[in-house]
Structure formats: C-alpha cells, structure tokens
Amino acid sequence: MIHIRSKDEIELIRKSALLVTATHVEVAGFLKPGITTLSIDKMAEQFIRDNGGVPSFKNYNGYPYSLCISVNEQVVHGFPGDYELKDGDIISVDCGVYMNGYHGDHAYTFAIGNVAPEVLKLMRITKESLAKGIEQAKDGNRVGDISYAIEQHTARDHGYGVVRELVGHGIGKKLHEDPQVPNYGRRGDGKRLKEGMVLAIEPMINLGRREVYTLDDGWTVVTNDGKPSVHYEHTTVVRKNRGEALSDFAPIEKAEQANKELNSTYYTPAEAV
Ligand code: MF3
Ligand code: CO
C-alpha cells in the first residue's frame, strides 16, 4: 500500500531529509586524499546523533554502518573501512536519518581531486537524470514516467548502463515502503502517483555495462566490468505539477566548491593539463 502523507508528515520527512543534506555538507568539507572511508562514517554518525537523529541504515537488515560509501566501481552499499581515498577517486555516499518517526534518505557522489573527464560527465548526466525523474513525480503520472525519464537521459541519450537490480522506493515511517521506483521502464506503466506520496528516487548509473554483482561481504554491489558507477538520490514528494525534492543538493555543492578551494593543492591547475 502506498501512503499519502499529510502536510505535517511531509514537514517531518523534510526535517529528516535535510539532516541528511547537512550530513553530506559535513562530508563534503571532510573529504581529501589520504582519509579512510571509516573516518567519514564515524564523523557522520556523530553529527547525526548530535543533531537529534538516528542513522537509518545502522542495523537495517544487519547493515553494520551509518553510511554506505561506494568507491569507483562499487555501485551501492559499500562498507566504510580502512581504504584511503586517493586523487581521482569518486565516492558515492548514501545516508539515511530517522527522526520524529520519519526517515529521510539521500545520496551524493563526490569527486576526490582530479577525476577523469568522462567520469565527471557521468556524474553530471546522472544528477541531471535525477532532476528529470523528479520532474515526472506529479499527480496523475505513473511510476513508469519517472523510470522512463531516467533511462532516456542516461542509457538512450548517453549510452550508460542503468542498474536494474536495485531500485528507488517509497519512504516515510519505514525506510523502504511501496512502491518500487526502477530507473528503467516504460511511460504510463506502474502505479499511479498521487499528490503527497513520498518517494526516494535514486538513479545508479554505470559508465560501462549495466551488469553488477555482490561481493562476498553480502552487501557491496560492484560493476561486472570494473568501470565506475554513480549514485544520486533525493527524498521527493509528489506534487501537482512536478515533484519536490525534500533533500537539497545546493548546500552540498557549495561545500564541495569551498573544499576544492581549500584543498587546491590537490588539483592540477587547468593550464597545466
Ligand atoms: N538508499 C539505500 C536504499 O534505499 C540505502 C540502503 S542501505 C541499508 O536501499 F543498509 F540500509 F540497506
Ligand atoms: Co534509498
């Protein structure tokens, strides 16, 4: 069953989603080559708890950390650990917060230092595809309209691999609710959308082929071909004319820019390339 959330409930979901955004802002300022992914997880968990939230992922189906941190060819559900970030990596950071009875869930892929232009383009196109999906999250549309928009911009327009094994989802009192929101599909297919439904829309897009597998840890999903993968996600409410993201990329982008200037020694000046 798909819930229609009241105005008050949506504001509570927004609060949780914006604490996730604030956590990503902290992460953005923390990133530099040499730090471990476990240190990011520890910092983020403390930040969430200091702000009155609980990390949604910790202990969810036995997941052992607060964040999922997926490096390069890792698609999603990567374990934070002793891996040290290095120049040219990308990391997809997925974070959920539970507060006041409601969850927020959103993900962001960060560049570490000098990332290959084709990977930066994959990041841009995936972020754009999320915006196009959100545009379709309007009353009267169907789930397939969101799916189609994402697949169109990534697979058909740019030849990227759209991961099929994992999907977006309804979100609210539980982290995962109905309906499933695939990143591929046909216009007009699937459940009808109504104003007040809240969906986590989350394209997972591969530079190469779409096939993935899960590592022996039982969680980490990686690309078959070893090429990089990107993940952006917003907690989104269905509205009359277009979806509204309850989480927010703008402050994260600002923090990314500030961190880039602060750590400019890690970046090759443009004229030297
Ligand atoms: N955003 C991801 C999802 O919706 C993260 C889940 S990680 C888990 O599936 F650990 F909570 F499973
Ligand atoms: Co999600």
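A short reminder: the numbers here are calculations on the coordinates, not readings from a lab. Quick caveat, the model's predicted, so the values are computed rather than measured. Every residue, glycine among them, receives a Cβ derived from its backbone with ideal geometry; neighbour counts consider all protein chains shown.
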Relative to the present Cα-Cα distance, how much length would full extension add between D178 and Y266 at 0.36 nm per residue of separation? 27.3 nm
Per 10 Å bin, what percent of the C-alpha pairs of the stretch 20-129 does each bin hold, from zero upward? 15, 48, 30, 7, 0
Just grab the label-to-label distance for R49 and E135, each label 7 Å out from Cα along the Cβ direction, in nm (one decimal). 4.3 nm
First measure r as the distance between the Cβ atoms of N61 and H3, then evaluate 1/(1 + (r/R0)^6) with R0 = 22 Å and state the FRET efficiency to the nearest 0.05. 0.55
Please work out the C-alpha center-to-center distance from the stretch 213-231 to the stretch 1-48 and express it in whole Å. 23 Å
With labels modelled as points extended 7 Å from the Cα through the Cβ direction, what inter-label distance (nm, one decimal) is found for Y213 paired with H158? 2.7 nm
Please report, in cubic angstrom per residue, the volume enclosed by the convex hull of the alpha-carbon atoms of the stretch 1-63. 110 Å³
Using helices alone, what [θ] at 222 nm do you get for the chain, with -39,500 (n - 2.57) per DSSP H run of 4 or more residues, divided over all residues and rounded to the nearest 500? -9500 deg cm²/dmol
Based only on Cα atoms, what Rg/Rh ratio does the chain have, Rh being taken as Kirkwood's radius? 0.95
What is the Cα convex hull volume of the stretch 120-273 when expressed per residue in Å³? 152 Å³
